[in-house]
Amino acid sequence: MKHPYARAFTAVVVASCAVLLAGCSENGNPVDFNAGAPGSAATPVTPVDQDTRMPTGPKSDFRITRTLDDGTHIARTTLKGAKSGVTGSVWVWAPKEYQEAKYAKSGFPVLIALPGGLGSPQDKDGVTNYWVGGDIKLQENLTKWTTEGKSLPFLVVMPMLNPDTRYHDGSDIPGQQKMGTWLTDDVVDLVKANFRTFGSRDGWGFMGSSSGGFVGLKSVLKHPDKFKAAIASGPDIVPDSPMWAGHQKEKDANNPEKLAAGLLKKGGPEVYLAFQAGSKEGAAVLNPIHRFRAKYGKGPIHTALQIIPGGRHNAWDYQKGMDASSMKFISDQLKAPVPSGS
């Protein structure tokens, strides 16, 4: 069952983010995250290592939605998924390191951040992801954690989670929009087209809360060849969208428990799952996490659990857990940008 706080939390963040995002003079302006980077179609750049992928194009139209105090930008584009047929918003933030000369030929790790509930704040198209909001300050915290050595300098990608007012479980539910393909193929292709990334799974992970935590968890277990790690905060452990009715086979194929069993049977590849929960979330959230770790947290499935003292089911408390241990847990397993020295 979706967490009872999800809708109320979404409504609060919608209101607060709308206020904070209003009146910013740069909002709506185009931004080129690779402006000033060396190379062109005529004179391509040789990456610093074999795992680094330079942007392949086509170039997307990114428009600023928020500018941080350090001058970095969060920007939004509309993605028309070539593989899924889904159209929706994707926000991206590049850390300050992305603009440094020593990393101009270097790939950066990608963190796909997914909201809980249906997501928020709403943009003009009604598509949502609350991690873009200035009240939550995920990007400011990541900047701080990177300075402290707790986090890699991630490219943060914040796609919509649901295309309407129903829970799609980040999956290709028969008869519905193909949200699984959109999130794990089309969004990934968008990032590769526009940013310096890594070709291997060592540069790709998820972070999500509640229903977004479920999707990140499921996506890593379903596609361990593409993604290596996830932070799953207060997650659902099994798919529970009402739209699965009559489609048990497909539902099972998107069930983290069954996917974990299959991964254990195959013996890999190794994945790293950082679970989080607030101490005040209760047994309905905590017990399924404990059961999953006890049954599947072995062999190639590496798990950690951060219990947040006094924590409740919200993004602010979950970031306390990221600060304490979870961000470092996944950062230790993913690849950092390699400086070129030029």
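If we keep just the residues of the range 231-290 that are of a type in the set (Phe, Trp, Tyr) and more than 19 Å from Arg201 (Cβ to Cβ), which is surrounded by the most Cβ atoms within 10 Å (Cβ to Cβ)? Write out each step before concluding.
We begin by selecting, within the range 231-290, every residue of a type in the set (Phe, Trp, Tyr); these are 244, 272, 275.
If we keep only those that are more than 19 Å from Arg201 (Cβ to Cβ) too, we end up with 244, 275.
Working: Trp244: 20, Phe275: 28.
So the residue we want is Phe275.
Kindly indicate which of Leu142, Leu118, Leu152 is out of contact with any His (no Cβ under 9 Å at 6 or more places or on another chain) and not in a loop (DSSP other than H, G, I, E, B). Give the derivation first.
Numbers: Leu118 fails: not in a loop (DSSP other than H, G, I, E, B); Leu152 fails: not in a loop (DSSP other than H, G, I, E, B).
Exactly one of Leu142, Leu118, Leu152 is out of contact with any His (no Cβ under 9 Å at 6 or more places or on another chain) and not in a loop (DSSP other than H, G, I, E, B), namely Leu142.
Give the range 299-317 a look and list any residue that's surrounded by fewer than 19 Cβ atoms within 10 Å (Cβ to Cβ) and either small (Gly, Ala, Ser) or in contact with an Asp or Glu (Cβ under 7 Å, 6 or more places away or on another chain) (or both), or say none.
Those that are surrounded by fewer than 19 Cβ atoms within 10 Å (Cβ to Cβ) and either small (Gly, Ala, Ser) or in contact with an Asp or Glu (Cβ under 7 Å, 6 or more places away or on another chain) (or both): Gly299, Pro300, His302, Ala304, Gly310, Arg312.
Sort through Ala261, Ala277, Ala294 and tell me the only one that's more than 30 Å from Gly133 (Cβ to Cβ), touching a residue at least 24 places away in the same chain (Cβ under 8 Å) and not in a loop (DSSP other than H, G, I, E, B).
Just one listed residue meets the conditions, Ala261.
Does the range 30-40 contain any residue that is in contact with a helix residue (DSSP H, G or I) (Cβ under 8 Å, 6 or more places away or on another chain), modelled with pLDDT under 95 and on the phi > 0 side of the Ramachandran plot?
Yes, because at least one residue in the range 30-40 is in contact with a helix residue (DSSP H, G or I) (Cβ under 8 Å, 6 or more places away or on another chain), modelled with pLDDT under 95 and on the phi > 0 side of the Ramachandran plot.
Please verify whether the range 166-180 includes one or more residues that are among the aliphatic types (A, V, I, L, M), within 20 Å of Thr52 (Cα to Cα) and either in contact with a Phe, Trp or Tyr (Cβ under 7 Å, 6 or more places away or on another chain) or surrounded by 24 or more Cβ atoms within 10 Å (Cβ to Cβ) (or both).
Among the residues of the range 166-180, not one is among the aliphatic types (A, V, I, L, M), within 20 Å of Thr52 (Cα to Cα) and either in contact with a Phe, Trp or Tyr (Cβ under 7 Å, 6 or more places away or on another chain) or surrounded by 24 or more Cβ atoms within 10 Å (Cβ to Cβ) (or both), which makes the answer no.
Yes or no, residue by residue, for (1) within 17 Å of Asp70 (Cα to Cα); (2) modelled with pLDDT under 95; (3) within 14 Å of the chain's Cα centre (by Cα):
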site	(1), (2), (3)
Val86	no, no, no
Gln99	yes, no, no
Pro109	no, no, yes
Gly119	no, yes, yes
Asn129	no, yes, yes
Leu142	yes, no, yes
Trp145	yes, no, no
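Please go through the range 198-227 and pick out each residue that is assigned to a strand (DSSP E or B) and either touching a Pro at 6+ places or on another chain (Cβ under 8 Å) or surrounded by fewer than 20 Cβ atoms within 10 Å (Cβ to Cβ) (or both). Steps first, please.
Within the range 198-227, the subset assigned to a strand (DSSP E or B) is 198, 204-209.
Passing the criteria: Phe198, Trp204, Gly205, Gly208, Ser209.
If Lys150 satisfies every condition in (1) within 21 Å of Lys192 (Cα to Cα); (2) surrounded by fewer than 24 Cβ atoms within 10 Å (Cβ to Cβ) but one, which is the exception?
(1)
The values are calculated or read from the model by the stated rules, or taken from the named source; none is laboratory data. None of these values were measured; they are calculated from a predicted model. Methodologically, a virtual Cβ is constructed for each residue, glycine included, from the backbone with ideal geometry; neighbour enumeration extends over all protein chains shown.
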